[in-house]
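These notes are about the structure you will find just below.
Every number in this text was worked out from the coordinates using simple rules, so none of it is lab data. Note that the structure is predicted; figures quoted are calculated from it, not measured. Neighbour counts run over all protein chains shown; Cβ positions are idealised from the backbone, glycine included.
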Amino acid sequence: MSKVKPASLPADTVIGGYRIVRKLAAGGFGVVYLAIDAQGQQVAVKEYLPASLATRAAGELLPQIQPDKLSLYRLGLKSFFEEGRALAQISHASVVSVLNFFRENDTVYMVMNYLEGASLQDFIITSRELKKQKVFRESTIRSLFDEVLRGLRIVHQHKMLHLDIKPANIFVTDDNRAVLIDFGAAREVLNKEGSFIRPMYTPGFAAPEMYRRDSAMGPWTDIYAIGACIYACMQGYPPNDAPQRQEKDRLSLALSRLRGVYSDNLIEVVEWCMALDPLSRPQSVFALQKELSRETERSYTRLTVAEKMRLQLDSLLGVDAKGSKAKPRVAPGRADPT
């Protein structure tokens, strides 16, 4: 198959009553567009268009799929549709809102609320480049992940797993919310190996069981990724991936260097979440929430997540109270960049 990426839909294309304004992001599994609905409101529309299975010429609406890829394409299409239907049942400020999902042009579209702000990954990179001792203050980390876990708990209560939690998929909005985006249902299908289906993984954030065929995944799998995200907020970089850790685990050594910078409790929480043995991790989001929200550790937390993150960055960058430097604006519901 040609390695040329399938063309995105041109501006002013109308699909399902939504008018495309422009492409926001593209990745291996689809394209995300800014669009306008019938009431004139901005929305994000995610199109299932896996680059490894489909092509599309510029100006065309229908993707072209090679016959030998058709069954896998349809399997991913079904998974993407099911993901949209499941997410549409969840209403929580910390989970991306799916407003609509529909089939058209031999593919599926997922309509989400349009978010403005920046990903946690963007904040980490900006903070890391300032070369300060702390990437984020502990109060900021605890408040941020308190919000994320509230959303993840609802997801798990709906019998879903995210399976791709990483800083790039935690979005901090301009109206002070931390939102989980880009769920991984289609990835499970598109990384099919023979008759075996498993999620695609992001090194550093994927739990060991995601690399093995014989391991059950559950809430503990997402919890490993939460621990890895907290680690990245402390260190500025992802932890070693699970296979490296299983050969020689340097996690405790890396975290020990942060003692005195962060509390022993927060360091222990990360080690607990990132235990290589799934049974040694928190088995539910509630158990982790209880430990992370210990009053003795967060009694000094007052500002909202986004306020604290931006105040911290602004003070280090020398931005005045009026915010003379523009805040980054990043598209929500982005297609997976891998």
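General observations
- Relative to one another, the C-alpha centroids of segment 210-256 and segment 272-288 are positioned 11 Å apart.
- Segment 63-149: GluC sites (Glu not before Pro) falling in loop per DSSP and having at most 12 other Cβ within 10 Å: none
- C-alpha center-to-center spacing [segment 1-46, segment 92-170] in angstrom: 20 Å
- Karplus-based coupling profile of segment 277-292, in residue order and whole Hz: 7, x, 6, 8, 8, x, 8, 8, 4, 4, 4, 6, 4, 4, 6, 6, with θ = phi - 60° in 6.51 cos²θ - 1.76 cosθ + 1.60 and x standing for Gly or Pro.
- Prolate/oblate/rounded label for segment 64-145 (Cα gyration tensor, a/c 1.5): prolate
- Segment 14-113: C-alpha gyration tensor shape, a/c 1.5 cut-off, then a/b vs b/c: oblate
- Across segment 9-26, coupling constants 3J(HN,Hα) worked out from phi with the 6.51/-1.76/1.60 Karplus curve, θ = phi - 60°, read 5, x, 4, 6, 5, 10, 10, x, x, 10, 9, 5, 9, 6, 6, 9, 7, 8 Hz, and Gly and Pro carry x.
- In this structure the amide hydrogen of residue 108, modeled in the peptide plane, comes within under 5 Å of the amide hydrogens of 48, none closer than 5 places in sequence on its chain.
- Net dipole in debye of segment 14-113 [+1 Lys, Arg Cβ; -1 Asp, Glu Cβ; about Cα centre; nearest 20]: 80 debye
- Average Cα contact separation per residue, segment 1-160, under 8 Å, 6 or more apart, as relative contact order %: 18 percent
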